[in-house]
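Below is one structure; the comments refer to it alone.
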Amino acid sequence: KKTARSAYGALLLMAFIVLVLLNFSASLSPLLAGAPQWLLRSSAPDAFTHQMAANASNYSVQSQGFDYSDQSQESSTVSTQRVDHSDQSQASNHSEISTSAPLLIQMARKFFIADAPEMSTWLLRNHSSAAIEFYNDCLNEEAIEIWLHRGFERLSRSRTLDATEAAAILIPYYGHFSIGLKPRPDPEEFAERLLRNSIHDKSKPHILLCPSNNPQRGRDAGIGKVMGKLKDAGVNVWSVGIERNPSWQSVEPERIVPVPYLVKPSGSRLELKEVALHKRKNSSVFYAGDVRSNAITWAGCNRSMVEPLKAEENAVIKLFRKGEDRVSQSEYNEFMKTMEFCLILCGDTPTSRSLASSVIHGCIPVRIGSRLRGLCEKPCKRGFGWRITGPRAPHLPYSDRIPWSEFPEVNEAEFIKAPAATLRKVLDSYTRERKQSLRDILVQVQLGWIYGWGSPVKSSEFGAAAEYVWDSFLFALDTLGK
């Protein structure tokens with residue numbers, strides 16, 4: 001009888017503990033929603049990113065696919081190769097993918113997707129064939145608008161269906177696709193419908209999911225008209241952007257969340273993992289890209305500065321002028337797969353697709369100059385279509401996860417004077433262990449640089465770009481004005 005009473009008492013105690021935990025869980029979300037940054041993050045940003053760099057090799061990561069440097073930036077996208085889906089079950093459900101972001105952040109603050117079908121889902125239903133054709137053939141970056149929208153729809157653990165609970169409102173907007181439609185939806189009418197039907201708390205951040213790639217294309221997509229209407233109405237507007245460029249996104253640089261250029265996967269997950277982990281030629285250097293003659297006038301950037309490196313034994317430099325044949329896709333992939341360092345050069349503006357290509361291939365990016373950090377040091381000069389954003393608004397994606405200061409950066413002015421000697425001095429400072437640590441980071445974050453596989457309209461396979469972008473927004477929101 002004594003034993004029975006003890007067991008009964010233990011059961012009552014356990015039931016009481018369960019009830020307490022359930023009540024605590026129910027009250028946790030509203031408490032965390034207003035919690036300060038120091039509580040939501042496991043450590044301060046600098047400590048957090050450096051800890052990631054030290055522990056990157058401890059994470060198990062599914063490596064992903066890629067596209068092809070700034071040599072293809074101004075051309076149409078190359079048709080996607082057939083993808084082997086034999087390991088599709090490993091990540092067909094985006095919400096189940098594990099990343100290194102603090103889970104507490106994702107649990108505490110959620111997003112709401114605004115009901116805006118006129119410039120998203122309605123367009124797909126009524127122009128499905130045109131949408132498939134457009135997104136398969138457009139410039140890679142113009143497909144980000146649909147990849148992000150569909151990716152966020154699947155990010156269930158950070159999404160709420162109640163706008164009053166949301167930390168931010170996401171606005172899907174297929175602006176680039178709408179350009180060629182007849183009749184074309186009017187961007188200003190779209191903004192007015194948003195204000196009437198979908199925007200209830202103007203003080204909350206409202207993020208436009210439509211990154212453009214130059215000022216004219218941004219105007220054509222109606223981004224300025226939408227943002228102008230919302231700002232005039234007092235809405236707290238933000239945007240995603242492949243560059244923190246107000247001429248492209250029509251909002252202040254600090255309110256633009258940097259996202260990667262779009263790189264199409266060119267193989268299965270297992271194949272791409274092998275690429276990222278492939279053995280490299282020690283201290284080898286690779287670059288392939290267009291000369292971009294306008295860059296000298298518009299930004300003080302002369303890509304011909306890399307030509308002297310052609311004489312170096314451990315360097316492969318491919319610089320193309322107008323009308324010249326570029327390297328084949330397979331040749332480019334092979335260089336990215338086998339070379340240890342990939343040069344990241346300036347262009348008409350501070351950014352290009354080459355950074356995303358190098359990260360996804362596992363080739364350590366080497367920045368020539370400080371432009372990606374928001375600076376404009378000689379020979380950089382103010383020019384057309386971009387703005388000097390300053391060190392508080394760098395163009396580098398995912399600064400909340402990636403310790404960019406650990407990656408090589410070469411002084412551009414010194415490099416122009418003595419390219420080989422300047423580059424070698426920087427690269428020689430990276431020991432074998434230090435280089436391996438950087439490659440471990442690239443492998444760890446690789447999935448975040450992938451938007452998805454296959455057709456942007458029909459695919460059910462997604463990378464982790466949406467998840468990474470959401471965490472980057474929260475980081476930007478917490479650091480704005482500090």
All other residues with a Cβ under 9 Å from the Cβ of Glu409 taken together, and with Lys, Arg as +1 and Asp, Glu as -1, what is their net charge?
+2
Can you tell me how the stretch 373-414 classifies by the Cα gyration tensor, rounded, prolate or oblate, using a/c under 1.5 as the rounded cut?
oblate
Using a basic spin-label model with each label point 7 Å from the Cα along Cα→Cβ, how many nm lie between Glu189 and Lys202?
2.4
For the stretch 309-458, give the percent of accessible area contributed by carbon and sulfur heavy atoms, probe 1.4 Å, rounded to a whole number.
48
Report the FRET efficiency, 1/(1 + (r/R0)^6), for Leu270 and Asp232, where r is their Cβ-Cβ distance and R0 is 41 Å, rounded to 0.05.
0.20
Order by protection proxy (mean Cβ within 10 Å, highest first), peptides 451-461, 317-327
451-461, 317-327
For the residue pair Glu377 and Thr160, what label-to-label distance in nm results when each label sits 7 Å from Cα along the Cα-to-beta-carbon direction?
4.4
So what's the stretch 171-250 giving for Cα Rg divided by 2.2 N^0.38 Å, two decimals?
1.03
In whole Å, how far is the Cα centre of the stretch 293-357 from that of the stretch 124-165?
31
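So with the 1.4 Å probe, I'd like the accessible area per residue for the stretch 174-333, rounded to whole Å².
Numbers: 6740 Å² over 160 residues.
Averaged over the residues of the stretch 174-333, the accessible area is 42 Å².
The values are calculated or read from the model by the stated rules, or taken from the named source; none is laboratory data. Because the structure is a prediction, the values reported are computed rather than measured. With ideal geometry, Cβ positions are generated from the backbone for all residues, glycine too; neighbour counts draw on all protein chains shown. Calculation scope for accessible area: heavy atoms of the full protein, side chains included, ligands and nucleic acids excluded. Shrake-Rupley method; radii C 1.70, N 1.55, O 1.52, S 1.80 Å.
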